[in-house]
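In what follows, a single structure is set out as structure tokens and then discussed.
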Amino acid sequence: MNTSFFLAVSAARYLFCRAISIMLVCLLWCCLNAGAVAQSRVDSLEKVLTGAKGIERATLLFVLSWEYRFSNKDKALQYGDESLQLARQLNDTAVIASALNSISETWLNFGDYEKAEKITQEELPYARAIAAKKNLLGALTRLGTIEYRKGRFDAALVYQLEVQREAEKMNKPEVTGVANLNLGLTYMDLKRYDEALRYFNIALQAFEKIQMSAGIGASYINITEVLRNQKKYDEALATAQKAEKLLIAAGNNLHLGYIYGIMGKLYGALGKRSEQLLYLQKSLALSRENQDDFMIAQNQGDLGRAYMEMGDMQTARQNLYESFERAEKMQQKTVVIEDYARLRDWHLLQRNFEEARRFDDLYNTSMDSVFNAKMAEKVADSETKYETEKKELAIRDLENRNRIKNLQTYGALAGILALLGVLYLMRRAYRQKQRLAEQQEQLQRNTIERLEAEQKVVALRSRLEGQQLERLRIAEDLHDDFGSGLSKISLLSEVAKKKAAATGELDKISGAAKELLLKMSEIVWALNHHNDTLSSLAGYIRRYAVSFFEDSDIACHFDIPDLPDIPLSGELRRNVFLVVKETLHNALKHARADKINIQFSMENGSLQINIRDNGQGFDPAALADAGNGLANMQRRMQQSGGSIHVDSRPGEGTRTHIQLPFTSSSNTPA
């Protein structure tokens with residue numbers, strides 16, 4: 001044996017306990033989707049099914065599939081597949097999501113994680129599309145469990161964080177309970193057991209309010225794990241016995257198998273070997289009854305360890321190799337790593353040093369590939385008990401060497417090598433622990449800062465999207481309600497003019513309606529966020545100018561190149577358009593021109609708009625007291641970060657130059 005014995009045991013125990021905790025949360029999310037139904041109720045549903053059709057039949061099928069997900073794999077899959085096929089024919093997204101949920105949950109419960117993952121990934125887009133969030137929470141939690149069991153901890157954490165965010169949006173006791181379970185698991189990962197215990201108790205209280213046995217049982221199981229980690233074995237055992245009583249009454253054999261496994265470990269820690277074996281065997285029997293290959297492999301490994309500690313090496317070997325072969329076949333990395341450590345220690349005790357070294361290399365390689373800086377901190381410190389056991393083993397080895405003289409030389413050499421290995425591993429473990437602690441602290445700070453930044457970005461994006469949707473809604477309402485009304489007024493006035501004698505009042509009504517309709521069109525254009533680009537602004541000015549001069553004697557010419565697709569705000573677009581509009585209005589009303597030219601260009605990162613007419617021009621000094629038109633135009637451009645310059649002389653026409661600079665880094669108005 002060497003120093004990595006207890007490091008391996010601590011790491012492997014952590015992997016298993018964390019995997020079980022996550023799976024409990026996964027199963028608990030699934031319990032939120034439907035309540036338990038008595039067997040008589042299931043029988044009644046199967047009778048009703050014979051006469052059901054359409055969506056009613058599809059719904060009954062997935063409910064029956066859900067009820068059989070723990071007890072009868074064949075029936076659960078049969079009903080689930082039939083529900084899925086019918087739901088797809090009916091194109092019902094909600095029932096498709098529920099059927100996939102039940103099928104994937106069944107595969108997970110019966111240990112086929114590859115199929116469970118594939119079907120859950122198929123379910124995920126349907127779960128995101130429907131209003132009910134329970135399907136989404138169940139799918140995300142299930143994927144987190146699968147990723148964790150495969151050793152992909154970073155991917156598992158992504159799903160767990162999304163579960164937590166979605167749960168916070170729902171104000172229900174059962175969801176509150178699960179959210180607090182997740183928080184408790186996070187604190188348990190950080191070994192902050194007092195805080196973890198507080199959150200588990202909050203979850204327990206939430207589930208007790210609604211008498212949700214699955215949630216109460218899951219809370220008890222996690223509380224037991226915290227107390228066991230705190231070495232409060234008697235208190236942990238009392239809590240485990242409460243969970244055992246509750247789960248037996250609820251008929252939840254799956255969770256009952258988990259608590260039996262934990263109780264076996266507790267009795268082992270208390271030195272009660274017969275009770276340890278009894279409860280580990282109970283857990284193994286329930287695992288086989290539930291067809292749960294993961295728990296079968298784990299229980300066989302735990303039994304192998306127990307028999308090894310009791311000195312029954314043959315029975316230990318049988319259980320350890322059966323656990324190892326089953327875990328390898330299922331690709332359950334957490335159990336495989338733990339079995340590497342167990343088999344290494346078994347061969348060390350049997351003095352099979354070559355095999356022990358082989359399993360030690362496999363263990364170290366696997367741990368290096370699975371544990372990153374964040375996960376390595378969670379490996380428990382070496383137990384002081386190891387030093388006592390090491391010394392006792394050395395004494396027994398010395399006694400054996402004294403009795404078997406022909407092995408004295410080899411035994412002494414093995415003792416020296418073992419001692420050197422122990423010193424080296426202790427020194428390396430101490431240095432690694434220091435480095436990993438520093439890396440973990442930095443990683444936690446970086447993670448907190450990144451999550452806070454992501455939350456701010458999401459909040460800002462939501463507000464912007466809400467503003468854009470509100471602008472679009474207002475534009476659509478103006479267009480649909482006021483636009484149709486103004487168009488009707490304009491049309492009726494034209495009809496009235498034809499039927500009655502021409503009057504100035506009807507002309508005024510018609511003109512006012514057309515003018516209001518044009519102004520409303522401008523407002524709708526300004527509000528619609530789909531028009532928030534420079535190219536849209538140029539196109540709208542072209543269309544407006546053509547329509548504006550259509551019934552006049554002025555020929556309008558354009559010089560508009562391909563402009564970059566630069567984003568502009570609605571307010572900025574409207575200010576620039578109103579300035580151009582005022583310029584065109586002045587040309588038509590005062591210039592007495594017959595030609596006007598509108599030119600767009602981009603120069604040195606600025607938008608340049610030049611408007612020239614060949615009219616009679618004016619004296620700018622004489623215009624200073626004539627009105628507020630030019631002052632309003634200058635004010636609008638200043639608000640937009642740009643400028644306007646009007647150059648005119650009597651008899652030489654008028655030139656209006658508009659400039660709007662853009663920043664070089666973001667291509668947005670300065």
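Listing for the model above:
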| quantity | calculated |
| --- | --- |
| Neighbourhood charge, 13 Å Cβ-Cβ cut-off, centred on ARG357 and excluding it, Lys, Arg +1 and Asp, Glu -1 | -2 |
| Radius 14 Å from Cβ of ALA285, net charge of other residues (Lys, Arg +1; Asp, Glu -1) | -1 |
| Listed residues ILE130, ILE146, LEU100: farthest to the positive end of the dipole of the stretch 39-170 (Cβ charges) | ILE130 |
| Burial ranking of peptide ranges 339-345, 352-358, 200-206 (average Cβ count within 10 Å, highest at the top) | 339-345, 200-206, 352-358 |
| Under the Debye formula (equal points on every Cα, no solvent term), log10 I(q)/I(0) of the stretch 200-340 at q = 0.11, 0.12 Å⁻¹ | -0.41, -0.49 |
| Per-pair calculated FRET efficiency, R0 = 56 Å: GLN432 and ASN604 via Cβ, rounded to 0.05 | 0.45 |
| Ranked PHE110, PHE558, PHE207, criterion: other C-beta atoms within 10 Å, fewest first | PHE558, PHE110, PHE207 |
| Convex hull volume per residue for the stretch 39-170, taking Cα atoms only, in Å³ | 102 Å³ |
| Viscosity 0.890 mPa s, temperature 25 °C, Stokes-Einstein D of the stretch 533-661 from Kirkwood C-alpha radius, µm²/s | 164 µm²/s |
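Values in this text are rule-based calculations from the coordinates and carry no lab data. On a predicted model such as this, the values are computed, not experimentally measured, just so you know. Every residue, glycine as well, gets a Cβ built from its backbone with ideal geometry; the counts of neighbours run over all protein chains shown.
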